[in-house]
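The values are calculated or read from the model by the stated rules, or taken from the named source; none is laboratory data. If you're wondering where the values come from, they're calculated on a predicted model, not measured in any experiment. Note that each Cβ is placed from the backbone with ideal geometry, even for glycine, and that neighbours are counted across all protein chains shown.
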4 protein chains.
Amino acid sequence: MPVPVPDVVRAADAELVVTDLRRSRWFWVDVLGFVPIEEDDEVVYLRGYEEFLHHSLVLRQGARAGLRRLAYRVRTPQDVGRAADFFAAEGLPVQEVPAGATRGIGEAVRVEDPLGFPVEFFHAAERGPRLVQRYELRRGAEPSRIDHFNVMTPDVRAAHDFYARLGFSTSETIEDDENLYAAWMFRKPTVHDIAFTGGAGPRLHHIAFFVPESHHILRICDILGSLGEHPHIERGPGRHGVSNAFYLYLRDPDGHRLELYTSDYYTGDPDHETYRWDVHDPRRRDFWGHDVVSSWYREGSTALGLDGRPKPLVHPAASEETVHVGADGLGVVTEAQLRS
Amino acid sequence: MPVPVPDVVRAADAELVVTDLRRSRWFWVDVLGFVPIEEDDEVVYLRGYEEFLHHSLVLRQGARAGLRRLAYRVRTPQDVGRAADFFAAEGLPVQEVPAGATRGIGEAVRVEDPLGFPVEFFHAAERGPRLVQRYELRRGAEPSRIDHFNVMTPDVRAAHDFYARLGFSTSETIEDDENLYAAWMFRKPTVHDIAFTGGAGPRLHHIAFFVPESHHILRICDILGSLGEHPHIERGPGRHGVSNAFYLYLRDPDGHRLELYTSDYYTGDPDHETYRWDVHDPRRRDFWGHDVVSSWYREGSTALGLDGRPKPLVHPAASEETVHVGADGLGVVTEAQLRS
Amino acid sequence: MPVPVPDVVRAADAELVVTDLRRSRWFWVDVLGFVPIEEDDEVVYLRGYEEFLHHSLVLRQGARAGLRRLAYRVRTPQDVGRAADFFAAEGLPVQEVPAGATRGIGEAVRVEDPLGFPVEFFHAAERGPRLVQRYELRRGAEPSRIDHFNVMTPDVRAAHDFYARLGFSTSETIEDDENLYAAWMFRKPTVHDIAFTGGAGPRLHHIAFFVPESHHILRICDILGSLGEHPHIERGPGRHGVSNAFYLYLRDPDGHRLELYTSDYYTGDPDHETYRWDVHDPRRRDFWGHDVVSSWYREGSTALGLDGRPKPLVHPAASEETVHVGADGLGVVTEAQLRS
Amino acid sequence: MPVPVPDVVRAADAELVVTDLRRSRWFWVDVLGFVPIEEDDEVVYLRGYEEFLHHSLVLRQGARAGLRRLAYRVRTPQDVGRAADFFAAEGLPVQEVPAGATRGIGEAVRVEDPLGFPVEFFHAAERGPRLVQRYELRRGAEPSRIDHFNVMTPDVRAAHDFYARLGFSTSETIEDDENLYAAWMFRKPTVHDIAFTGGAGPRLHHIAFFVPESHHILRICDILGSLGEHPHIERGPGRHGVSNAFYLYLRDPDGHRLELYTSDYYTGDPDHETYRWDVHDPRRRDFWGHDVVSSWYREGSTALGLDGRPKPLVHPAASEETVHVGADGLGVVTEAQLRS
């Protein structure tokens, strides 16, 4: 008899270790406009303006930057146990996490997924104040809500197949006849809750937040330029081919990458079809055909194990280097290849 | 044992009878920018640019304008039968509709809901071409997708309670200590699939379509002004208090009302709380405090019965007239009251 | 020999008397986002983000609200004297104003124009800091710069003819075969530096400030709604027929009206033609055909004479009341007429 | 006695030779949305939606692509003669051009400026239809009006000094203690009518057109991506440091570069100060700090002499190559330098 699958609602929370909390708070709160709902010397809890739970992002002071946790909300309290059972049945590490271990979050389980990422499942959560129409508070990019995680992993096919078993559907892919280079998967009816980018992993590629309209993205670029903090802008703004998102990638003071984006589309019909991009279509990553900067393919945040220690990197199989797909991150790419 | 409830996915299709199809096509296609996916002398099937099914709106030539059908997609083929059973158990009229009765839509059931509206449930449907990134085709308001129906009914409480039994959740309401004046309910995780406006019914208040950004709404106003067709603009643009939508209400050549809007919010968490507006808050209907034009409260499209004949109107209970809530449409309101 | 005409560059500064400076500062600075460049207990000097002079608006504490000064910059120091001579030759009151009478402004002359308004001409002015690319400071509506004055006067034809002699060109009018109901006139190559609205005068109708894009106007409405200060929104947002501006009218705590707008057009070619609107075109005032609220036609700020005392009102000629133009403010209009 | 200087109003018209008129028309009209006001097999006359003259851009079929003419409007008929005299006194070639030589344009003079560009001055011109509020016609990027020319020349200082003598003011520069790398100059009160980019010349760098808002620029990128014509996008969208413009650079089918931009600022006060950028400020060319693609610095359209033959290129002085300014185009730059 198959192990029951937990009913995952959505990507809901993440925790980043930062090395200078004061500086990180400046970046996320003062510049980007996230709302600090609770904080002390060790940790800041952040929310967007259209979120209802206590927080959606935790910045925690530490000696070494890394990804401590990617958290999904599940539909019922029972689904927390189902998540524990599901991962245990896979022979993967599972920890029970008491309520309040993360402020505002109830009983949870923390696991290491087969890709090596620290993943948490929770149902119970405190609510935060309703800020949807507090326009007088909105600043910076006016982030609305956390939307999805994007992670780097050397075997995208394996990652995809595991998350499909966990009940995720696939909205889009980048592939060719032989390889799956990247995949976008969802539980809530948008393009993604989790996406996989081929590359040495486990590393966090980025956490993505929805913003209301494209002009909010232009504005945060202007603000960063005004402050002389434009080096935080890594890539964009632009239009993704995949997902149709109008995007911007920023790097925070520790190099953690975040995406601000708007306008993906509804995927909630039961027979929603996967849209498959050919890896040779120059519009897959940027619909306007712009080159992807190489750091975007090569750099990511260290994933921490359940013990808090950095996970060692696993590189993509050597055979794939010969594919020279470059732009999708699996090969040893040169600048010239990226530009060709 | 309770009758099983069909798993409704979302508001998915509607059919309007129009008296001059040529003129209606001009309005919906040439001006508003809907995509005519299939058509003949009697009927035009329309889609938005981010829809995947065959169509989401049908305009059908007839002698007398009216609402012929509000259709919901259900999750499985079995849910079509469950819908039939659910409504039959209520003692409501149920018709089986063979596949293809509406082009592109499979086997369905058509019922009359307790409010008197012709409602259809279907699962099987043909797909249309993917237009998400066909920006070169976008025109007018660039409608993305059908989002919700809003209907006028004399007893909002009864309507709310019935649809709650059918599995709909309530995102927002307008109420006071005694009355429920309006309610917004959803299946997909947005603010609404169906909304109820108090007033003589059954009448269709409007069908709403999502557009990408606020400037698309400003643009269609400018286009209508340029064409000298500004009388089609009934109300807005403005910001709703309820739902936070940036909205515009238009009347088509037969007076059928449609809403174009952008930016409501995610409601998909299992414990999403209802937000309750006081009927005396002047921002509930327009967050900027503008008066609602009286036609918006008073006029709606005739609902047709399953036999195709107009449903007689039932007026709100006399006792409610004394409440003089005016702005929420239940009383006999004067212009002065609307403005006070 | 004709008296030389001063070379007016543009509408550049205005001074409003307010009865509660603290509250006015809250409205203009904290809410709307104007930059307070200098202030004390009696006066606040304000700027937009794309201005280069010391300030463009002065709020001065007083016992009774009113318009103290509309100021134009002239091209050379000599043009200040030419302005004095021009008005003196008309037999109009002229005062020399020493440098610094208004902080940041050099030697000026203050006159009463034939309409009864207190008008100042200056050349020398201090510069303020360059804020064009200080995006990190921008708040509220992000006002860019003062653009024009709009004044109420009972005889628009006379007003137009006088300002034409002063070297202003006419971009647009509202008229019929017999009457000139409103006129828009310019020196800098945009649609207006001064506009005339028919009605009892001299009263200030509004001062207008340019903002960068339409979403900045939507945003200030949302902020006012959030604060429960939506009653400050009098009219709009909307598109003007005249000038093509995307507009919003607000009333400050003393009822002084301001316009925030974007997108008029270039008028600087030497043979730029006047565009004439028929007073019966419903799109002249609102291109989307919306009614103008009656307060917008009827209310204005008291003009102060050079002696600081309120100027008595002169009403339009009785004969014009019989022209039920209503919407252009000259007749005794009823709500019903405004709506017809 | 100094030779009188013609009173130049603005950059008003340009003429490009294209090698496949049909394909060029497709790009400028069908894709970008310019209005073809008149055309035959040899030539297409184009306008923006907020222009009043007959046209502002001429595309003419020819065997070899090039710039045939940059045209300025002058204030009076007499200024045409003054322009002839001014250039003749400089010993530069001057041709009288009869009315109608370019459709819609009256008597003109055509000269070769000291930089080697074919420049025309005209006053008399036919008007075209008023399209300002013909929103129903707007398509593509909805170009409003021609704004400025940008030309490549090996000696920016000399170019600047000559145009200063011709009455142009300088809004911004890029410089260091020794060199002037680029300069922006204006007659109408915006940031520029003409700009100089250091490099081998005479070549046209680009012709710039104003569009209403930033979303119009995003939209044309999306359209080009949809059509698979994204290689026409050379650089941007982005925010310029210089001029504060939100910009996009496109290359037409012959490689002629055009800029679509919005939001520069008012420069019309008589003492408007030049804003000087340090050549080492990475935000001067892109306020968000993005690299400039090398083609943007290196490529331009051949200037044709008054005899219609290509002007030979003059390269910047060798001494300047040692200044590794790279990004401002005067040195022999490597990709690595551009990226450093």
Would you pick out the residues in the range A:119-138 that are within 13 Å of another protein chain (Cβ to nearest Cβ), in contact with a helix residue (DSSP H, G or I) (Cβ under 6 Å, 6 or more places away or on another chain) and in contact (Cβ under 8 Å) with a residue 24 or more places away in the chain?
A:HIS123, A:VAL132, A:ARG134
Please find, within the range A:267-284, the residue that is farthest from B:ALA125 (Cα to Cα) out of those that are within 14 Å of chain D (Cβ to nearest Cβ) and touching a residue at least 60 places away in the same chain (Cβ under 8 Å).
A:HIS280
Find the residue count for the range A:235-261, including only residues that are touching a helix residue (DSSP H, G or I) at 6+ places or on another chain (Cβ under 7 Å) and at the interface with chain D (Cβ under 10 Å from one of its Cβ atoms).
5
Checking B:ALA336 against (1) out of contact with any Phe, Trp or Tyr (no Cβ under 9 Å at 6 or more places or on another chain); (2) assigned to a loop (DSSP other than H, G, I, E, B); (3) modelled with pLDDT under 95, only one condition comes out false. Which one?
(2)
Some residue of the range C:205-216 being of a type in the set (D, E, K, R) and at pLDDT below 95:
no
With the condition kept exactly as written, say whether any residue in the range A:7-16 is buried (at least 21 other Cβ atoms within 10 Å of the Cβ), away from chain B (no Cβ under 14 Å) and not aliphatic (A, V, I, L, M).
yes
For the range D:139-160, which residues satisfy the criterion of being among the basic types (Lys, Arg) and within 12 Å of chain B (Cβ to nearest Cβ)?
D:ARG139
Determine whether D:GLU15 is in contact with a Lys or Arg (Cβ under 7 Å, 6 or more places away or on another chain) and within 22 Å of D:LEU204 (Cβ to Cβ).
yes
How many residues does the range D:224-234 hold that are among the hydrophobic types (A, V, I, L, M, F, W, C), farther than 24 Å from A:ILE220 by Cβ and at the interface with chain A (Cβ under 10 Å from one of its Cβ atoms)?
1
Looking at (1) farther than 24 Å from A:PHE162 by Cβ; (2) within 10 Å of another protein chain (Cβ to nearest Cβ), find the lone condition where A:ASP264 falls short.
(1)
Does D:LEU304 satisfy being modelled with pLDDT of 95 or more and either touching a helix residue (DSSP H, G or I) at 6+ places or on another chain (Cβ under 6 Å) or of a type outside the set (Phe, Trp, Tyr) (or both)?
yes
Quick check on the range D:86-103: of everything there that is buried (at least 22 other Cβ atoms within 10 Å of the Cβ) and touching a residue at least 40 places away in the same chain (Cβ under 8 Å), which residue is farthest from the other protein chains (Cβ to nearest Cβ)?
D:PHE86
Considering C:GLN78, C:GLN61, which residue is over 22 Å from the mean Cα position of the chain (by Cα) and surrounded by fewer than 23 Cβ atoms within 10 Å (Cβ to Cβ)?
C:GLN78
Are there any strands (runs of 3 or more DSSP E) wholly within the range B:154-254 with 2 or more residues that are without any contact (Cβ under 8 Å) to a residue 40 or more places away in the chain, and if so which?
B:180-186, B:233-239, B:246-251
Quick check: anything in the range B:137-160 closer than 21 Å to B:THR190 by Cβ and surrounded by fewer than 19 Cβ atoms within 10 Å (Cβ to Cβ)?
no
Among the residues that make up the range A:111-118, is at least one of them closer than 18 Å to A:HIS256 by Cβ, in a strand (DSSP E or B) and either under 22 Å from the mean Cα position of the chain (by Cα) or without any contact (Cβ under 8 Å) to a residue 24 or more places away in the chain (or both)?
yes
Examine the range C:36-45 for a residue that is closer than 28 Å to C:GLY225 by Cβ, in a loop (DSSP other than H, G, I, E, B) and either away from every other protein chain (no Cβ under 14 Å) or in contact with a Gly (Cβ under 9 Å, 6 or more places away or on another chain) (or both), and state whether such a residue exists.
no
Qualifying positions in the range C:48-100 - part of a loop (DSSP other than H, G, I, E, B) and either modelled with pLDDT under 95 or under 12 Å from C:GLU15 (Cα atoms) (or both)
C:HIS55, C:SER56, C:GLY62, C:ALA65
Checked against (1) in contact with a Lys or Arg (Cβ under 7 Å, 6 or more places away or on another chain); (2) surrounded by fewer than 23 Cβ atoms within 10 Å (Cβ to Cβ), A:SER56 satisfies every condition except (2)
